[in-house]
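Before any comments, here is the structure.
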């Protein structure tokens, strides 16, 4: 049986690990070739380490183990020129582009809005919002050139549809992604290019499994993973503390596939009912 | 490779034709057995011919042709006891319940000052109370199963208003209220509840002379062909299409029914060609 995205090519940012690697693998399992980029550096103010070259190499190894092709390179979503070169090179090798997963994102300083540092604010907006626009801008000419339409999936967050204390820069950037998604969906509909956003609740990756995030959720210093799990579960309706990367990937897969050929302009939570509470 | 809902059992209302039959077939293709109900009869205030027993027989034939089991019964979603009886009997034969597609619905129209008491009460009874009846009948079986997924068919008219169908808009908005409440009440039981919101779907519900008249009152009945009406329907959408096909809704139902969406609950999932962007 043909895969659900058989023969398509997907461009994924932040693909070295976490959700990005999971998206690459899930799409490859269903027949897609992959163009992968990642920053591969530590991020100032982030309470966790950035992905490494070894991480990206592992994504390459796992995609190739599925007998799919992958073109992976180091690129920064804040740098449009570098990002464009990476996707141009990937399309030159793989022949086409059908799917964009704008996944790269960071979590940094946690403080009330009036205490956020200028550079922390700016780097968040540059990465989590401008980086998404850069990703679409770099990939779009290739999707248009195919003349077959396409599917663009922007990774926002639960914080893109509701507010949270102490991460104003993150909430603002992720809300901005929704505005970008809605605008793109209207602009690109005549070309049968669909644009949707995904809104995960807490996902079990390095971005949340760190002491700063534990303390943000529990409201006290030195919290344990168990205390974080309880605090996280309290904001989710289903009896779970967080979701796994593959749960986001399965939503990305549905939106990427022709099964969702008439779905556009939709903010899609994958959140265990987080939004209901 | 196992199907995406392999070994599960799905209850589908309004399964004789249209979206309901499509849902039954798509879920059966991916490995589910089906409990199907349909009114297979007419409601006086509905201005197009509703489904027949022969339609329901055809759904049975097509599901069985996929080597899946199906228990099909004539039942009215307005009648809770009959609906519960049909579902209970289906579960007794197929062993359990995992998935619910509350799909049965009707369409009629008139401005709010023109709608008759009967139009209003039939609409609310089928499109809102019928959904609650479906959910209510299913909950004991899903709890006994240790979890499950319910998909309630609303509409883009469950999220925005459209003139001339105030009773439909009210009922479909009400479905969102049922969905969200059910999602909260049932989350502790690992039962997920979501709604789907189609734009116009290419079925008998829109492809009929009464609906054509609603969309093209300026044309003569002879001029109201499917081709002439397509551009009118297309103005509702952002994507360059007049309507979606039943299978497009079925693919959303399938995703929500499958374990791929195991942590998705409380959502309004639009399959609307961008209608909500307008």
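Just give me the residues in the range A:193-223 being in a loop (DSSP other than H, G, I, E, B) and within 22 Å of the chain's Cα centre (by Cα), in sequence order. Step through it out loud before you land on a result.
Start the filter on the range A:193-223 by keeping residues that are in a loop (DSSP other than H, G, I, E, B), which leaves A:201-202, A:204-210, A:219-223.
Those that are in a loop (DSSP other than H, G, I, E, B) and within 22 Å of the chain's Cα centre (by Cα): A:201, A:202, A:204, A:205, A:206, A:207, A:208, A:209, A:210.
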Of all residues in the range B:159-168 being in contact with a helix residue (DSSP H, G or I) (Cβ under 8 Å, 6 or more places away or on another chain) and either in a helix (DSSP H, G or I) or within 10 Å of another protein chain (Cβ to nearest Cβ) (or both), the one that is surrounded by the most Cβ atoms within 10 Å (Cβ to Cβ): B:168
Within the group A:40, A:66, which residue is in contact with a helix residue (DSSP H, G or I) (Cβ under 8 Å, 6 or more places away or on another chain) and closer than 26 Å to residue A:216 by Cα? A:40
Have a look at B:186, B:239 and point out the one that is touching a residue at least 24 places away in the same chain (Cβ under 8 Å), surrounded by 21 or more Cβ atoms within 10 Å (Cβ to Cβ), within 14 Å of chain A (Cβ to nearest Cβ) and over 24 Å from residue B:22 (Cβ atoms). B:186
Just one of (1) surrounded by fewer than 20 Cβ atoms within 10 Å (Cβ to Cβ); (2) in contact with a helix residue (DSSP H, G or I) (Cβ under 7 Å, 6 or more places away or on another chain) trips up residue B:181, so point out which. (2)
Any residue at all in the range B:38-58 that is buried (at least 18 other Cβ atoms within 10 Å of the Cβ) and farther than 23 Å from residue B:210 by Cα? yes
Residues being more than 26 Å from residue A:14 (Cβ to Cβ), more than 7 Å from every other protein chain (Cβ to nearest Cβ) and modelled with pLDDT of 95 or more: count how many of those fall in the range A:235-277. 0
Residue by residue through the range A:219-246, note down the ones that are over 17 Å from residue A:277 (Cβ atoms) and in contact (Cβ under 8 Å) with a residue 24 or more places away in the chain. A:244, A:245, A:246
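Being outside any helix (DSSP H, G or I) and surrounded by fewer than 23 Cβ atoms within 10 Å (Cβ to Cβ) is true for just one of A:235, A:263. Which residue is that? Show your work before the answer.
Details: A:263 fails: surrounded by fewer than 23 Cβ atoms within 10 Å (Cβ to Cβ).
None of the others qualify; the one that does is A:235.
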Residues in the range B:121-157 that are more than 19 Å from residue B:187 (Cα to Cα), part of a helix (DSSP H, G or I) and touching a strand residue (DSSP E or B) at 6+ places or on another chain (Cβ under 8 Å): how many? 3
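Could you tell me whether any residue of the range A:144-158 is part of a loop (DSSP other than H, G, I, E, B), without any contact (Cβ under 8 Å) to a residue 40 or more places away in the chain and touching a helix residue (DSSP H, G or I) at 6+ places or on another chain (Cβ under 7 Å)? Steps first, please.
Going through the range A:144-158, the residues part of a loop (DSSP other than H, G, I, E, B) turn out to be A:147-149, A:156-157.
Filter once more, so that each one left must be without any contact (Cβ under 8 Å) to a residue 40 or more places away in the chain: A:147.
Subset that is touching a helix residue (DSSP H, G or I) at 6+ places or on another chain (Cβ under 7 Å): none.
No, because not a single residue in the range A:144-158 is part of a loop (DSSP other than H, G, I, E, B), without any contact (Cβ under 8 Å) to a residue 40 or more places away in the chain and touching a helix residue (DSSP H, G or I) at 6+ places or on another chain (Cβ under 7 Å).
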When the range B:242-267 is examined, which residues are found to be touching a strand residue (DSSP E or B) at 6+ places or on another chain (Cβ under 9 Å) and within 8 Å of chain A (Cβ to nearest Cβ)? B:244, B:248, B:251, B:252, B:255, B:261, B:262, B:263, B:264, B:265, B:266, B:267
Index of the failed condition, residue B:118 passing every other in (1) closer than 25 Å to residue B:164 by Cβ; (2) outside any helix (DSSP H, G or I): (2)
Please work out which residue is farthest from the other protein chains (Cβ to nearest Cβ), limiting yourself to the range B:269-278 and to residues that are closer than 30 Å to residue A:235 by Cβ and surrounded by fewer than 22 Cβ atoms within 10 Å (Cβ to Cβ). B:276
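The values are calculated or read from the model by the stated rules, or taken from the named source; none is laboratory data. Here the structure is a predicted model, which means the values were calculated and not measured. When we count neighbours, we look across all protein chains shown, and the Cβ atoms used for this are built from the backbone with ideal geometry, even at glycine.
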